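Each remark here refers to the structure printed beneath this line.
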Amino acid sequence: MAKVLYITAHPDHPQIDSDVCNGWGKLSSGTPFNQLKQEEQNKLNRMGELVDQFVDADKYVFVNPMWNFSFPPVMKAYIDSICVAGKTFKYTSNGPVGLLSDKKAMHIQASGNFYAQGGPFAEFEIGHRHLKMIMEFFAVPSFEGIFIEGVAAKADQAPAIKEKSIQYARELAQKF
Ligand SMILES: Cc1cc2nc3c(=O)[nH]c(=O)nc-3n(C[C@H](O)[C@H](O)[C@H](O)COP(=O)(O)O)c2cc1C
């Protein structure tokens, strides 16, 4: 059975902070992992777990609200954990090559306004396009989007907008 990984804007995704940078610096100058500070070990271990879990899954469902035209910062922290050479991509003499060509991905994003292609705000949307680029970088061949749009701009229609998105999600789920 395919393993589906749901990725949400979870507050526990480690950030690349001074512990992580200091840990990386010490490792690259030869310090053994078990001699890093406990907090450095904990954060690097968790980032390693996240990328291993990502590689181990077959299908990804990213879910987030739009915040200021993108996903919340903890989702970016997650992306920072999974962009690892040798795990999700590798460097070759012809440049980087993605390693996840047998996966599928879906992105569910809710927003207060409308960002559909061809509309006046299409270019403002950078969260879905950022994730799309990351999936392409990893060579994930399939990336669908479900956009629950306009829940603030048309607040009176929010229940209908959500219901329509649920129906669409059910349709996509049949072939995901
Ligand atoms: C901090 C913050 C920033 C937001 N930024 C945007 C935005 O840039 N564009 C937009 O259309 N909606 C924006 N919204 C609205 C949310 O995307 C919207 O409320 C949410 O997706 C709806 O989910 P809910 O029904 O669970 O509240 C923002 C909301 C918050 C709290």
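The values are calculated or read from the model by the stated rules, or taken from the named source; none is laboratory data. The model shown is predicted, which means the values in this text are computed figures rather than measured ones. Don't worry about glycine lacking a Cβ; one is built from the backbone with ideal geometry, like all the others, and counts go over all protein chains shown. Surface accessibility is based on the protein's heavy atoms, side chains included, excluding ligands, DNA and RNA. Shrake-Rupley method; radii C 1.70, N 1.55, O 1.52, S 1.80 Å.
Details
- Normalised contact order of the chain, rounded percent, pairs of Cα under 8 Å and 6 or more residues apart: 21 percent
- Cα gyration tensor category, rounded, prolate or oblate, for region 127-173 with a/c compared to 1.5: oblate
- Within the accessible area of region 4-175 (1.4 Å probe), percent carbon and sulfur: 55 percent
- Förster-model FRET efficiency, 22 Å R0, Asp12 and Ala169, C-beta, rounded to 0.05: 0.30
- Judged by the ratio a/c of the largest to the smallest principal axis of the C-alpha gyration tensor, region 4-175 counts as prolate, that ratio being 1.5 or greater while a/b is larger than b/c.
- In the chain, the DSSP-assigned H stretches of four residues or longer account for a calculated mean residue ellipticity at 222 nm of -12500 deg cm²/dmol, using -39500 (n - 2.57) per stretch and the full residue count as denominator.
- The residues of the chain have, on average, 57 Å² of accessible surface per residue, using a 1.4 Å probe with all protein chains present.
- Proximal lysines to Lys26, defined as alpha-carbon separation beneath 17 angstrom and excluding residues fewer than eight positions away on the same chain: Lys37, Lys43
- Distance (nanometres) between label positions extended 7 Å along Cα→Cβ at Ser101 and Ile126: 3.1 nm
- By DSSP, the beta bridges lying fully in region 4-175 are antiparallel in about 20 percent of cases.
- Where a label projected 7 Å from the Cα of Lys162 along Cα→Cβ would reach, residues of region 95-137 with amide N under 15 Å: 109-112
- Set of lysines near Lys103 by C-alpha distance (under 24 Å), chain-local residues within fewer than 8 positions excluded: Lys3, Lys59, Lys76, Lys87, Lys90, Lys132, Lys175
- Helix 73-82 axis, angle to the chain major axis (alpha carbon atoms, nearest 10°): 50 degrees
- Only lysines eight or more places from Lys154 in sequence, or on another chain, were considered; those with a Cα closer than 25 Å are Lys162, Lys164.
- Residues Lys90 and Cys21, FRET efficiency given R0 of 25 Å [Cβ-Cβ distance, rounded to 0.05]: 0.60
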